[in-house]
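Trainee: Can you read through this structure? Questions will come right after.
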Amino acid sequence: MLLTFGLLLLAAVSFHRAILTALGEHLLAQDKLEKSDGALVLSGEDGDGLRTRKAVELYKQGWVKKVVLSGVREPFGHYETDYSGPLALSLGVPQKDLLIIPSRARSTLEEANATVPQMERDGIHSMILVTSNFHSSRARRYFRRVCGDRIRVLVCPAANDYFHPDSWWQTREGMKYFVWETAKFWTSYLE
């Protein structure tokens, strides 16, 4: 018994980086890109608009025809789209190719239920979902559930300043993102 425990401890110490990296990568999803009607940027930006910047990059590379910005209501009556909209415009997306969908969603599932009907009304039948890397797997599952076969959903994760799958355990912020998203990931199967 003691020998078995010792061997397990030795293996854990020897392979901890590979094990922790695999756990971090479990949160990630990335699909092979196909030309789509729009890139949907989910709320929850951290830092300098990395999600919006990724969607604009997809737009400029010709992967999408429109950039769709979802924006939840924040404190003091502002919506995230109050900031992401001007950013997308300043990065070269023309107003005619920008769709802004403010909402009062409080979760990713609520955000899917709020944005998908509007996207359907605007003729979007295929999308590339843009969200932070750690959020990509759970977001894809929710949006595919809500869209069914009406809108094709691919995911293209944006980088995150605080979560890196190969080193998340080395920073306080990385550990917070991992624990929080892992809890949400598993509870999402109950919704």
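The values are calculated or read from the model by the stated rules, or taken from the named source; none is laboratory data. Model, not experiment: these values are computed from the prediction. Please note: Cβ atoms are built from the backbone with ideal geometry, for glycine as well, and neighbour counts cover all protein chains shown. Note: accessible area is taken over every heavy atom of the protein model, side chains too, but ligands, DNA and RNA are not part of it. Shrake-Rupley method; radii C 1.70, N 1.55, O 1.52, S 1.80 Å.
Trainee: Looking at region 33-191, what % of its DSSP beta bridges pair antiparallel, to the nearest 5?
Mentor: 5 percent
Trainee: If you average 1/r over every pair of different alpha-carbon atoms in region 61-120 and take one over that average, what Kirkwood value in Å do you get?
Mentor: Over region 61-120, the inverse of the mean reciprocal pair distance is 12.2 Å.
Trainee: Rounded to the nearest 10 Å², what accessible area does residue 103 have for a 1.4 Å probe in the complete protein model?
Mentor: Roll a 1.4 Å probe over it and residue 103 shows about 10 Å².
Trainee: Which parts of region 171-191 would a label at residue 26 reach, counting a residue when its backbone N lies under 17 Å from a point 7 Å out along Cα-to-Cβ?
Mentor: In region 171-191, the label zone of residue 26 (backbone N under 17 Å from the point 7 Å along Cα→Cβ) covers 175-190.
Trainee: Give me D for region 89-191 in µm² s⁻¹, whole number, from Stokes-Einstein with Rh from the Kirkwood sum over alpha-carbon pairs, 4 °C and 1.567 mPa s.
Mentor: Taking Rh from Cα pairs, D becomes 85 µm²/s.
Trainee: Of 142, 162, which has the most accessible area and how do the rest follow, probe 1.4 Å?
Mentor: Per-residue accessible area, sorted high to low, gives 162, 142.
Trainee: Consider all pairwise Cα distances in the chain and report the whole-number % of them above 28 Å.
Mentor: Roughly 29 percent, rounded to a whole number.
Trainee: Leaving ligands, DNA and RNA out of it, rank 21, 187, 131 by accessible area with a 1.4 Å probe, largest first.
Mentor: 187, 21, 131
Trainee: For residue 145, what is the net charge nearby, where nearby means another residue's Cβ is under 12 Å from its Cβ and Lys, Arg count +1, Asp, Glu -1?
Mentor: Summing Lys/Arg as +1 and Asp/Glu as -1 gives +3.
Trainee: Which value at 222 nm does the chain reach when only helices count, each DSSP H run of 4 or more adding -39,500 (n - 2.57), with the total divided by all residues and rounded to the nearest 500 deg cm²/dmol?
Mentor: -14000 deg cm²/dmol
Trainee: Name the lysines eligible as straight-distance cross-link partners of residue 60: C-alpha to C-alpha under 26 Å, and not fewer than 8 places from it in the same chain.
Mentor: 32, 35, 96
Trainee: Mind putting a number on the dipole of the chain about its Cα centre? Charges go on the C-beta only, +1 for Lys and Arg and -1 for Asp and Glu, and I need it in Debye to the nearest 20.
Mentor: 360 debye
Trainee: Let me ask you something else. How about region 75-151: which trypsin sites (Lys or Arg not before Pro) there lie in a loop by DSSP and see at most 13 other Cβ atoms within 10 Å?
Mentor: Qualifying residues, ordered by number: 104, 106, 150.
Trainee: Alpha carbon centre of region 103-167 versus region 62-80: separation in Å?
Mentor: Comparing the Cα centres of region 103-167 and region 62-80, I get a distance of 12 Å.
Trainee: Give me the accessible area of residue 186, 1.4 Å probe, in Å² rounded to the nearest 10.
Mentor: Number for this one is 140 Å².
Trainee: When a/c is below 1.5 the answer is rounded, else prolate if a/b is larger than b/c, else oblate, so apply that to region 21-126 with a ≥ b ≥ c taken from the square roots of the Cα gyration tensor eigenvalues.
Mentor: Rounded, because the longest to shortest axis ratio a/c is under 1.5.
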